[in-house]
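The values are calculated or read from the model by the stated rules, or taken from the named source; none is laboratory data. In this text the structure is predicted, and so the values were computed from the model without any measurement. Cβ: placed from backbone, ideal geometry, glycine included. Neighbour counts: every protein chain shown.
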Amino acid sequence: MVVRTDADCAGVKINVPAGAYEIIGRSARPVLEAAGVRTFEETITIAFFKTGEFTVGPLAIELLSHRDNPGHEQTEPLAIRIRSLLAENYRDIKPLKDLLALRGDPRHLLKYAAAVMLLLLLWITGWLLLKKLKKKRLPVPAPLLPQEIELEMRVRELRQKNLPQRGEFRHFFISLSDMVKHFIERAYEFNAGDLTTAETVERLKNSEKDGEIITHMETVFRQADLVKFARQVPEKEAMAAIFQKIAVLIEKHKRRRELAQAENHAETGR
């Protein structure tokens, strides 16, 4: 977005209305001034999560004056068509090959199909009989770890792989995001894996009363989105902050579980 003005203003503020997309990054370039005209430029990165026709805007532009009364301008709506969510260099999915033309009457293949079905039926019957004869006692599944302990162990294992040190930031944040969403599914009982970051945070606000926990989770997801979709390379300090926020999240849930267990013991002893 480029804004040029000859007005005496200290800066501009660009407001993007909500829509079927998510703003994952904003960066402003230095202000240019020539012949009494100031040029403000800001790059806004928007992620779409499905294909189709979309409209972004109109964008509201606020000219921040040195005085009290700012000026206001508005752009035209921007029409965008998303044909695919795959990158241009994504080659794992290729067009289907042309259908093979079969000549002659295919009914002569029915006897072969019947033979295959008979062999399959005999194999299934034999497998069921063998399973019934063995009657092996299935091992008792181990009890599930508390969700915060499971998250702590999985994050520790992920850190031991040293993915950020090898420059594999996208792989690291995809795994970390999946771990946190699995934790949410166990702790808050809703399927976070099928939701966007904004939808997940909104659902958390209905289930979690601790604002710091919600803020920490949102920070982790926002950073993961920037790396996954905008290919951002996080600074060392940002990585340390992510681990610290996850540690706080885990510790709060540990204390919450310990208090609940202490209350249960107290009620049992009465």
Margin query: So if I check each of Glu235, Glu168, Glu251, which one is exposed (fewer than 11 other Cβ atoms within 10 Å of the Cβ) and without any contact (Cβ under 8 Å) to a residue 12 or more places away in the chain?
Written below: Glu235
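Go through the range 12-50 and count every residue that is of a type outside the set (A, V, I, L, M) and over 24 Å from Arg222 (Cβ atoms).
So the count comes out to 6.
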Checklist line | Residue check for Val248: hydrophobic (A, V, I, L, M, F, W, C) and touching a Phe, Trp or Tyr at 6+ places or on another chain (Cβ under 9 Å) | finding: no
Notebook entry, point to check: Just checking, which of Val37, Val2 is hydrophobic (A, V, I, L, M, F, W, C), surrounded by fewer than 11 Cβ atoms within 10 Å (Cβ to Cβ) and more than 17 Å from the chain's Cα centre (by Cα)?
Noted result: Val2
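I'd like the residue in the range 189-232 that is touching a strand residue (DSSP E or B) at 6+ places or on another chain (Cβ under 8 Å) and assigned to a helix (DSSP H, G or I) and, out of all such residues, is surrounded by the fewest Cβ atoms within 10 Å (Cβ to Cβ).
The extreme case among them is Ala230.
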Check: In the range 104-143, what residues are at pLDDT 85 or above and either within 45 Å of the chain's Cα centre (by Cα) or among the β-branched types (Val, Ile, Thr) (or both)?
Finding: Val116, Met117, Leu120, Leu121, Trp123, Ile124, Thr125, Trp127, Leu128
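Within the range 42-55, is there a residue that is among the charged types (D, E, K, R), at pLDDT 80 or above and under 17 Å from Phe229 (Cβ atoms)? Full working, then the answer.
To start, the set of residues in the range 42-55 that are among the charged types (D, E, K, R) comprises 42, 50, 53.
Keeping just the survivors that are at pLDDT 80 or above gives 53.
Next, from what is left, pick out any that are under 17 Å from Phe229 (Cβ atoms): none.
Checked the range 42-55: no residue is among the charged types (D, E, K, R), at pLDDT 80 or above and under 17 Å from Phe229 (Cβ atoms).
Could you tell me whether Asp178 is buried (at least 16 other Cβ atoms within 10 Å of the Cβ) and under 23 Å from Glu22 (Cβ atoms)? Steps first, please.
Working: buried (at least 16 other Cβ atoms within 10 Å of the Cβ): no; under 23 Å from Glu22 (Cβ atoms): yes.
Criteria not met by Asp178.
Being in contact (Cβ under 8 Å) with a residue 24 or more places away in the chain and touching a His at 6+ places or on another chain (Cβ under 9 Å) narrows it down to one residue among Ala192, Ala224, Ala198, Ala187; which is it? Steps first, answer last, please.
Values: Ala192 fails: in contact (Cβ under 8 Å) with a residue 24 or more places away in the chain; Ala224 fails: touching a His at 6+ places or on another chain (Cβ under 9 Å); Ala198 fails: touching a His at 6+ places or on another chain (Cβ under 9 Å).
Exactly one of Ala192, Ala224, Ala198, Ala187 is in contact (Cβ under 8 Å) with a residue 24 or more places away in the chain and touching a His at 6+ places or on another chain (Cβ under 9 Å), namely Ala187.
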